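The values are calculated or read from the model by the stated rules, or taken from the named source; none is laboratory data. Not measured: the values here are computed from a predicted model. Don't worry about glycine lacking a Cβ; one is built from the backbone with ideal geometry, like all the others, and counts go over all protein chains shown. Accessible surface areas use protein heavy atoms only, side chains included; no ligands, DNA or RNA. Shrake-Rupley method; radii C 1.70, N 1.55, O 1.52, S 1.80 Å.
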Amino acid sequence: MDIKAHLKTLSELHAPSGYETAAREAILAAWQPLTDAQETSRMGSLIAYKYGSGAQPRRKIMLCAHMDEIGMIVSHMEGAFLRVGELGGIDSRAIVGKPVLVHTRDGALQGVVGVRAPSMLSSSERRRYPSLEEIHIDLGLSAEEVARRVRVGDIITMDLPLLDLQDRRVAGKAMDDRACVAVVTACLDALQRLKHTWDVLAVASVQEEVGLHGARAEAYRLNPDIAIALDVTFAPQPNVPSPTFELGSGVPLALGANFHPALFEAIKKTAERLEMTLPIEPVPMASGTDAWAIQISRDGIPTALLGIPTRNMHTTVETVDLRDIERGGRLLAEFIAALDDQFLTEIVWDAPERTEKKDG
Amino acid sequence: MAELLSLRETLKKLSEAIGVSGEERQVRQALLELTKDRLEDVVIDTMGNLTARLKGGQANALRVMLSAPMDEIGLMVSGSENFLSVLPVGRLDMRYVAAARVLIGAQKLNGVVLFAPIHKTYGQDELPEPKSILIDTGGKNSAKVGERVAFVGNYAELSADVVRGKAFQSRAACAVLVRLIEMLAQAPLPLDVYVAFTAQARIYGRGATVAANRLKPQIAFLLDGAECDDLPRPEGDTQLPTVRLGGGTVLRAAEEMGIPDQRLLTYVRNIAESQGLPYQIDISEAYGTENANISQTQTGVPSVSLSVPVRYMSSPNGLVSLADLEHTQRLLHAALTALTPKLLEN
């Protein structure tokens, strides 16, 4: 499959937290031919089922990548200009002068993130970035036109295309976390050519950036036997402390309290079998990803986290390496293909072993 | 005969051309292509200025220079390892630099300005020094020291009147001059008109100095951009805006490097009023045009600037009003139409 074309589609669509329709439609289009059944949950997450070949009741693995992106929302109008609030952790320092779309009831309006002219700033303001409260959205329209077309609560997204860099690297908005949605797509694609006995539940979750809400509801509803969440992680660049993971060097597997150690070992073994480099990302406490919500759903779900190294996270030039996406997809598919009836007996801490059988 | 582009098309073409100060070739070639049929004695001089005489000029008539700057602010590669280090070209506004997209060198290599994630840098609100800018091209050692780096704009028509794009400070002025050349060619005036598309305006206007030295005008009209301040202000800031988008041509009563010729300023202002053309007076001395350069050539050249209002002028995505461009073109045309040597006698 053409992973770059797929990622371009995913990166360039507009779907901030709570408003994921465009992402859901694009991901459904990609996953439909690769899976047996699809549904939209009450929360708006997309779930695609690829059934395993084992006898019923089959074990279930949930793959979860969030499809929402960070954005803004119109808080009030000030003449011809829009003031904004945040939808997720938008960084006001990295959006000034960049193009946006304001999504109104009559369609999207193009605009730009504006700031005061240098002559309007105090000397201390000239030395610092503007805050989100200080920026405005400029649509190039009159105050009357803005009042007629825009409403408080309309959403705003960054509007920049995917950019090709050297060496199979690409930069763009919403790589967090659509690069990981693309990993799931690559996995589903690879599973077309592999036999697997477990059911695969591919989840494109909503509202991760505002509190992991989509994954929390889906983990409860789907009640998988194990879950692997996927999210972006940090690549080396100035002002980012280690540990970081170079682009193209593999998909880091997280290790820490948020993850089941036996599941961690099992995935690590798969990578070893494939002779695939698998960096380890230490995450001592909260991972800040869907894995955090999934792990404590119901009776507790053995959870793992794979990362895609990303530079400039939460900007419009989030930079990833296509090889990591392909490699992540292959690792997941090979891991899933190796899951058998006995697998859950390995996912234990220590004696006495858990013997209760989970509800299907 | 080159295809005659509309004002909108001309502006788009010029805005999207790359011309970082000191390397204006692409803009110069675009301008030459747009205007060459109307020009004679075309010279690309030692500074990189494009100068010419308007065809059909009257040899003994008043010698008038019309100028517009070509160049834009940008960066220059100063080192190349995993990332590129750079130095600024022109006065950068660092608020616009984080996570910017750039094109590097004549090969137009894609790059992005690194910006460390908010997760690791929350609360670090001080603007960095230009020398801390690093560019990622995806590859290693991907550019040569000395190559120019241009910021990428995202040209778009926001409404029937307002367009978004880069380098409008220079290119909106160029677009006005291109259209004016066409207008003057179709109905010549009894003047000897010289045009100069100037290099290096954003680094002290030194191109204009040489252009004026060579063309030796008796009078000069300069086109440029002016920063709008019709923007939301914090509580307590009761200043009224002086330069509004769509508010008409900006005439400068004062500039950083000099006071414009008062006879010319009054003349253009009176023309605007008699013609019913909108204008605004800017007294901010925060930045200047090439007026200082041109007025101080030879034994002094009476000169005045007509500027197009630009919002977010140092941003890769500024806004201009096409009506402002049209009004500026008409105002300068009207000023030329009524121009006589008498203006300079008192």
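General observations
- One residue stands out among those in region A:69-87 that are open to solvent by 10 Å² or more (accessible area, probe 1.4 Å) and within 24 Å of the chain's Cα centre (by Cα): the one that is farthest from the other protein chains (Cβ to nearest Cβ), which is A:ILE73.
- Count of residues meeting criterion [part of a loop (DSSP other than H, G, I, E, B), in contact (Cβ under 8 Å) with a residue 12 or more places away in the chain, surrounded by fewer than 21 Cβ atoms within 10 Å (Cβ to Cβ) and facing another protein chain (nearest Cβ under 8 Å)] in region B:116-156: 2
- Scanning region B:307-346 for residues that are of a type in the set (A, V, I, L, M), more than 20 Å from A:SER119 (Cβ to Cβ) and touching a helix residue (DSSP H, G or I) at 6+ places or on another chain (Cβ under 9 Å) gives B:LEU322, B:LEU325, B:LEU331, B:LEU332, B:ALA334, B:ALA335, B:LEU336, B:ALA338, B:LEU339, B:LEU343, B:LEU344.
- Test set (1) open to solvent by less than 10 Å² (accessible area, probe 1.4 Å); (2) of a type in the set (Gly, Ala, Ser); (3) within 14 Å of chain A (Cβ to nearest Cβ) - B:ALA323 fails condition number: (1)
- Region A:94-125, residues that are open to solvent by 10 Å² or more (accessible area, probe 1.4 Å) and either closer than 19 Å to B:ASP93 by Cβ or assigned to a helix (DSSP H, G or I) (or both): A:LYS98, A:ARG116, A:PRO118, A:SER119, A:MET120, A:LEU121, A:SER122, A:SER123, A:SER124, A:GLU125
- Contact map, region A:113-142: residues that are more than 7 Å from chain B (Cβ to nearest Cβ) paired with residues that are surrounded by fewer than 20 Cβ atoms within 10 Å (Cβ to Cβ) and of a type in the set (Gly, Ala, Ser), Cβ distance under 8 Å, separation 6+ or inter-chain. Pairs shown: A:LEU132/A:GLY85.
- Wholly enclosed strands (runs of 3 or more DSSP E) of region B:71-115 bearing at least 1 residues more than 12 Å from chain A (Cβ to nearest Cβ): B:74-80, B:84-89
- For region B:326-346, filtering for residues that are in a helix (DSSP H, G or I), farther than 18 Å from B:THR10 by Cα, touching a residue at least 24 places away in the same chain (Cβ under 8 Å) and open to solvent by 20 Å² or more (accessible area, probe 1.4 Å) leaves 5.
- Unique match (being small (Gly, Ala, Ser) and open to solvent by 60 Å² or more (accessible area, probe 1.4 Å)) among A:ALA15, A:ALA65, A:ALA29: A:ALA29
- Hits in region B:32-70 (condition: assigned to a loop (DSSP other than H, G, I, E, B) and either within 21 Å of the chain's Cα centre (by Cα) or within 14 Å of chain A (Cβ to nearest Cβ) (or both)): B:ASP45, B:THR46, B:MET47, B:GLY48, B:ASN49, B:MET70
- Screening A:SER242, A:SER287 for residues that are among the hydroxyl-bearing types (Ser, Thr, Tyr) and more than 22 Å from A:LEU87 (Cα to Cα) leaves exactly one candidate, A:SER242.
- Unmet requirement for A:GLN56, which otherwise passes all of (1) open to solvent by 10 Å² or more (accessible area, probe 1.4 Å); (2) in contact (Cβ under 8 Å) with a residue 40 or more places away in the chain; (3) of a type outside the set (Gly, Ala, Ser): (2)
- Single match in B:ILE283, B:ILE259 (criterion: of a type outside the set (Asp, Glu), under 23 Å from B:LEU319 (Cα atoms), open to solvent by 50 Å² or more (accessible area, probe 1.4 Å) and at pLDDT below 90): B:ILE283
- Evaluation of B:SER159 against (1) within 29 Å of B:VAL250 (Cα to Cα); (2) among the hydroxyl-bearing types (Ser, Thr, Tyr); (3) in contact (Cβ under 8 Å) with a residue 60 or more places away in the chain (one fails), failing number: (3)
- Within region B:18-29, the set of residues being of a type in the set (Gly, Ala, Ser) and surrounded by fewer than 22 Cβ atoms within 10 Å (Cβ to Cβ) comprises just one member, B:GLY22.
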